[in-house]
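**Student:** Starting off with a structure, shown below.
All of the numbers you see were taken from the coordinates with simple rules; none came from a lab. Quantities reported herein were computed from a predicted structural model and do not represent experimental measurements. Here Cβ is always computed from backbone atoms with ideal geometry, including for glycine, and neighbour counts include all displayed protein chains.
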Amino acid sequence: MKITLVLLTLNEAIGIKKLVGRIPYNAVDEVIAIDGGSIDGTLEIMSENKIKVYGQAVRGRGEAFREAFRRAQGDALIFFSPDGNENPEDIPRFREYLESGSDLVIATRMVKGARNEEDDQVIKLRKWVNNAFTLAANIIWNKKKYVTDTINGFRAITKKTWNILALDGPGYTIEYQSSIRAFKRGLKISEFPTIEMNRFDDREGSPALPTGMAFIKIFLHELKIGGNWKPL
């Protein structure tokens, strides 16, 4: 199986500088970047390191996933955000699950041996909300082993699975939608624990309220359509 590592970037010069030497290039067959319009030197750093970059015609994380599947040569894609949250040392772990027949592989922050970035805080709002969305999706659609982290973006998807799921979710809903539709189709989902680290800079990730509302909207959309969508 050929595997493509996809770097999702938008003004991640700080992260790329720190991580480009830590990427386990020998664990994958191709490395590409999907860029949302960086102007901070991100593109130049990747060019210096011979990483092929494709720009997005349409902004947003969901569109970055769709562009990646249009461009990548691999049979499966691993999505990695170089902002400091995700550990590049976990990248090789995806292959064993993919080659064992998993359709979707998620690095989970929600099991023993894992860490969510809010675990050191008393109020863990994002974690609690994520767990609530995960619980709802499992109760309604999952007929197999409970999946603990339906939302984390550090995941791998095979091209065959991508075509089956035909994801159209916008922005940060793309991961949640992929988990929900994989439940609906009874696909094989695997998880392994990951340590979510702190971001390299003080920029906030996805804005909490708009992202939460978007998740509710995609959840209701998936309730409405049931299993009625056409594969690619």
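**Student:** Rank the residues V105, V58 as a footprinting-exposure proxy: fewest other Cβ atoms within 10 Å of their Cβ go first. Don't skip to the end; give the middle numbers.
**Tutor:** On the way: V105 25, V58 11.
Ranking V105, V58 by Cβ neighbours within 10 Å, fewest first, gives V58, V105.
**Student:** Here is a follow-up. Please check: in the Gaussian network model of the chain (C-alpha springs, under 10 Å), which one of I164, I34, I140 has the largest mean-square fluctuation.
**Tutor:** I140
**Student:** Using the Karplus curve 6.51 cos²θ - 1.76 cosθ + 1.60 with θ = phi - 60°, what ³J(HN,Hα) values do you get for each residue of segment 150-155, in whole Hz, with x for Gly and Pro?
**Tutor:** 6, 10, 4, x, 7, 8
**Student:** Could you compute the FRET efficiency for K112 and E30, with r as their C-beta to C-beta distance and R0 at 30 Å, rounded to 0.05?
**Tutor:** Working: r = 33 Å, r/R0 = 1.11.
Approximately 0.35, to the nearest 0.05.
**Student:** Within segment 65-94, which residues have the backbone N less than 18 Å from the label spot 7 Å out from F192 along Cα→beta-carbon, could you tell me?
**Tutor:** 75-81, 86-94
**Student:** State which stretch of the chain is the longest one without any exposed GluC sites (Glu not before Pro), exposure meaning a DSSP loop state and at most 16 other Cβ atoms within 10 Å.
**Tutor:** Numbers: sites that count: E118, E204.
No qualifying site falls inside 1-117, the longest such stretch.
**Student:** With a point put 7 Å past each Cα toward its Cβ, work out how far I225 is from V53 in nm, to one decimal.
**Tutor:** Distance between label points: 3.3 nm.
**Student:** I've got another one for you. Can you tell me the length gained on complete extension of the stretch L232 to D168, counting 0.36 nm per residue apart and subtracting the Cα distance? Walk me through the intermediate numbers first.
**Tutor:** Working: separation 64, 0.36 × 64 = 23.04 nm, distance 1.08 nm.
Here the answer is 22.0 nm.
**Student:** Same structure again: Between G84 and residues 5 or more places away or on another chain, which pairs have amide H atoms under 5 Å apart, with H built 1.01 Å from N, and which residues are they?
**Tutor:** Under 5 Å from the amide H of G84: F200.
**Student:** Pick from L98, L19, L77 the residue whose mean-square fluctuation is largest in a GNM of the chain, springs joining Cα atoms under 10 Å.
**Tutor:** Result for the chain, Cα springs under 10 Å: L19 fluctuates most.
**Student:** Nearest 500 deg cm²/dmol is fine: what mean residue ellipticity at 222 nm does the chain get from its DSSP H runs of n ≥ 4 alone, each adding -39,500 (n - 2.57), divided by its residue count? Write out the running numbers ahead of the final one.
**Tutor:** Values: 8 runs with 86 residues, N = 232.
The helix-only estimate for the chain comes to -11000 deg cm²/dmol at 222 nm.
**Student:** Would you mind checking the pairs K143/K224; K143/K217; K2/K127; K2/K230; K18/K188; K145/K217 and listing those with alpha carbons more than 30 angstrom apart? Kindly include the intermediate steps, with their values, before the conclusion.
**Tutor:** Numbers: K143/K224 19 Å; K143/K217 23 Å; K2/K127 33 Å; K2/K230 26 Å; K18/K188 34 Å; K145/K217 25 Å.
From the list (K143/K224; K143/K217; K2/K127; K2/K230; K18/K188; K145/K217), the Cα-Cα distance tops 30 Å for K2/K127; K18/K188.
**Student:** Extending each Cα 7 Å along its Cβ direction at I39 and I123, get the distance between those two points in nm, one decimal.
**Tutor:** Output for this residue pair reads 3.4 nm.
**Student:** By count of other Cβ within 10 Å, fewest leading, how are V122, V147 ordered?
**Tutor:** Values: V122 5, V147 20.
Lowest count first: V122, V147.
**Student:** To check you understand DSSP bridge types, tell me what percent of the beta bridges within the chain (both residues inside) are antiparallel, rounded to 5. Don't jump to the answer; show the numbers that get you there.
**Tutor:** Details: 7 of 28 bridges.
The answer is about 25 percent antiparallel.
**Student:** Percent of Cα-Cα pairs more than 30 Å apart in segment 3-225, please.
**Tutor:** So the pairs more than 30 Å apart make up 17 percent of the total in segment 3-225.
**Student:** Follow-up. Once you keep just the Cα pairs under 8 angstrom separated by 6 or more residues, what percentage relative contact order results for the chain?
**Tutor:** On the way: 406 pairs, mean separation 55.4, N = 232.
In percent, rounded to a whole number, it is 24.
**Student:** Now, a different point. Can you find, among M46, W141, G36, the residue farthest towards the positive end of the dipole of the chain? Put +1 on the C-beta of Lys and Arg, -1 on that of Asp and Glu.
**Tutor:** W141
**Student:** Separate question: Based on DSSP H assignment, which helices of the chain show an axial Cα extent of at least 20 Å together with a mean Kyte-Doolittle hydropathy greater than or equal to -0.5?
**Tutor:** Values: long enough: 125-141 (24 Å, 0.45); 208-225 (26 Å, 1.04).
Counting only whole DSSP H runs, the qualifying helices are 125-141, 208-225.
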